[in-house]
Amino acid sequence: MSRTPQRTETAIATPTARGVDIRLEVVVIPVSDIDRAKHFYGGLGWRLDADITGDGFRVIQFTPPGSPCSMVFGSGITPELYARVELDVLKSVGELVVSDIEVARAELADRGVDVSEVYHYAGSEGRVIGPDPERRSYSSWASFSDPAGNIWLLQEVTARAPGRVDTDETTFVSSAALAAALRRASVAHGEHEKRTGGQRDENWPDWYAEHMAAEQAGKELPL
């Protein structure tokens, strides 16, 4: 006898309004043997993004072919080292990237989420409240927990690090992401025109395209 599927609140719930894009960037998995896990995932042909060893900790990141999301595992979570960015990642269940950390944090807070203040890391000072002063990519953070205590990290990413993108293809997951990239290109192009004597650049569409493609691929940006 067949059974009729039951509709649940989870299955039909939809966001009330579209806000800033929040993309799943990293998931953290537990392993009992780091080197064995590294050998296994390397054998799958996954890209090794990082193998970072520090004072009592180790963090390894792999990305499956064509995947926008990476996987992290490692060891060395201790109270003395918890302020380190790498260990914050390992302590979480995953990492979410956004193009504007302050807007993303505000939207979460408006939805009733107990989200931390935006913060960055400043060398020996450790964690400091506020976004990175230079607003560098990968340098501004926030975090929140779900009812079960699972920790999620938010990270602001506007330009990819070299090697993070497999190909030269330029894609945007939404119109909001494309608009944000256009705004950043517009600001950079304004500086470009100042350096060229304030003359209007008739080929600005080509310059925008080059800037946006290079930014997404983690390559050197045009001057």
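The values are calculated or read from the model by the stated rules, or taken from the named source; none is laboratory data. Fair warning: this is a prediction, and the values are worked out from it, not measured in the lab. Positions of Cβ are generated from backbone atoms using ideal geometry, with glycine treated the same way; all protein chains shown enter the neighbour counts. These accessible areas exclude ligands, DNA and RNA; they are computed on the full protein's heavy atoms, side chains included. Shrake-Rupley method; radii C 1.70, N 1.55, O 1.52, S 1.80 Å.
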> If you stretched the chain out fully between Leu48 and Leu24, how much longer would it get, using 0.36 nm times the residue separation minus the C-alpha to C-alpha distance?
Replying inline: 6.8 nm
> What spacing in nm lies between the two simple spin-label points modelled at Ile151 and Val85, each 7 Å away from Cα in the Cβ direction?
Replying inline: 1.6
> Taking a probe of 1.4 Å, how large is the accessible area per residue of the stretch 84-146, in Å²?
Replying inline: 50
> Direction-averaged shadow area of the convex hull around the Cα atoms of the stretch 177-223, nm²?
Replying inline: 3.1
> Summing Lys, Arg as +1 and Asp, Glu as -1, what charge do residues with Cβ under 10 Å from the Cβ of Glu95 carry, Glu95 excluded?
Replying inline: -1
> So for the stretch 22-101, Kirkwood radius off the Cα pairs, Stokes-Einstein at 4 °C and 1.567 mPa s: how many µm² s⁻¹?
Replying inline: 99
> Which net charge results for the neighbourhood of Ala180, defined as the other residues with beta-carbon distances under 10 angstrom from its beta-carbon, given Lys and Arg at +1 and Asp and Glu at -1?
Replying inline: 0
> Quick one: net charge of Ile60's neighbours, Cβ under 14 Å, K/R +1, D/E -1?
Replying inline: -1
